[in-house]
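Just so you know, all these numbers are worked out from the coordinates, no wet-lab data involved. On a predicted model such as this, the values are computed, not experimentally measured, just so you know. Positions of Cβ are generated from backbone atoms using ideal geometry, with glycine treated the same way; all protein chains shown enter the neighbour counts.
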Amino acid sequence: MNINIENLDKKKIDLSNPDITDLELILAHKDGVESAIDILLTRYKSYIFNLSYRFMHNHEDAMDLMQESLIRIYRGLKNYEERNYFKGWVYRIINNTAINMYKRASNRESPYMEKLEMLDDNRYNSENGYERTYLKEKIYEASAKLKGKQRDVFLLRYYEDHSYTEIGKILKISSDSAKSNYFYALKKMQLLMEKERGML
């Protein structure tokens, strides 16, 4: 159902209400309520960082991507009109910003190819823990080699646990197309992992 913003009384928006919607916060921000943007971006801070890390594969570049994306989100809100799915709009900004960062850094190795650091924690203290972590890292490395829609769908489905319907809304594709791209992404990753296993 589309919401007619002309029918919303922005003066009656209660920013202390935990159920306040993204659209209401955006409208309050456009109406000059400065704290509304803080609430909105705080709500999506973890989501933005997690996606940034999935794209960049290291903390430093992820923070750079997050900061640049937040700036673009803030600047873009004045023209925001997609009233149904704010998260999809945010995802596309992060995706496009990541692409621009890769282009600027084309003269150095892509962060996608960087290996995960071996953190000094309890993940390797047992055989099962090692195997689980090893598998996660192989999946992570294989997903870094995906391109386009297959990469986007895999990130949203595997790491963010979105439904195919939600993925379709975010990427502006059908749920069937999202499901198909996820299937082909898994097949491609399987081939990549089998190829690497054969080289050992």
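Of note:
- Computed label-point distance, nm, for sites R92 and Y74 using a 7 Å Cα→Cβ extension: 2.3
- Cα gyration tensor shape for the stretch 10-112, rounded if a/c is under 1.5, else prolate or oblate: prolate
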